[in-house]
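Structure, as structure tokens:
The values are calculated or read from the model by the stated rules, or taken from the named source; none is laboratory data. Quick caveat, the model's predicted, so the values are computed rather than measured. Counting neighbours? That spans all protein chains shown, and the Cβs are built from the backbone with ideal geometry, glycine included. Please note that ligands, DNA and RNA were not included when accessible areas were found on the heavy atoms of the full protein model with its side chains. Shrake-Rupley method; radii C 1.70, N 1.55, O 1.52, S 1.80 Å.
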Amino acid sequence: MTQVDYGRKLVHLANQIGKFFAHQPKDEAVASIADHLRKFWDPRMRTQMLTYLSQGGEGLDPLPKLAIEQIADEAARK
């Protein structure tokens, strides 16, 4: 699997997680998605997704994109 294919797979997974939490109010949904990614995604998956986001994040739905941006902001503060 190429890095591009892996990035697309992660986008699909992130969007699926976003759909699961989409019934919540926006701020709660974003926090829930970010929490899920922190708890259940391997650090390498999160790093790959942060890289993908820095390259534009094509295909990410709005809620997962906001959650990943939140994780990126946290990582930048460390």
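Quick one: is residue 8 in a helix (DSSP H, G or I), surrounded by fewer than 17 Cβ atoms within 10 Å (Cβ to Cβ), touching a residue at least 40 places away in the same chain (Cβ under 8 Å) and of a type in the set (D, E, K, R)?
Yes.
Would you call residue 16 open to solvent by 20 Å² or more (accessible area, probe 1.4 Å) and outside any helix (DSSP H, G or I)?
no
Based on what the data block shows, is residue 47 open to solvent by 70 Å² or more (accessible area, probe 1.4 Å) and of a type in the set (Val, Ile, Thr)?
Numbers: open to solvent by 70 Å² or more (accessible area, probe 1.4 Å): yes; of a type in the set (Val, Ile, Thr): yes.
For residue 47, the condition - open to solvent by 70 Å² or more (accessible area, probe 1.4 Å) and of a type in the set (Val, Ile, Thr) - is met.
Return a yes/no flag: does segment 21-39 have any residue that is hydrophobic (A, V, I, L, M, F, W, C), modelled with pLDDT of 95 or more and loosely packed, with under 13 Cβ neighbours inside 10 Å.
no
Cβ-Cβ below 6 Å, separation at least six or inter-chain, first residue in segment 26-43 and under 15 Å from residue 62 (Cα atoms), second assigned to a loop (DSSP other than H, G, I, E, B) and of a type outside the set (A, V, I, L, M, F, W, C): which pairs?
As it stands, the answer is none, since no pair meets every condition given.
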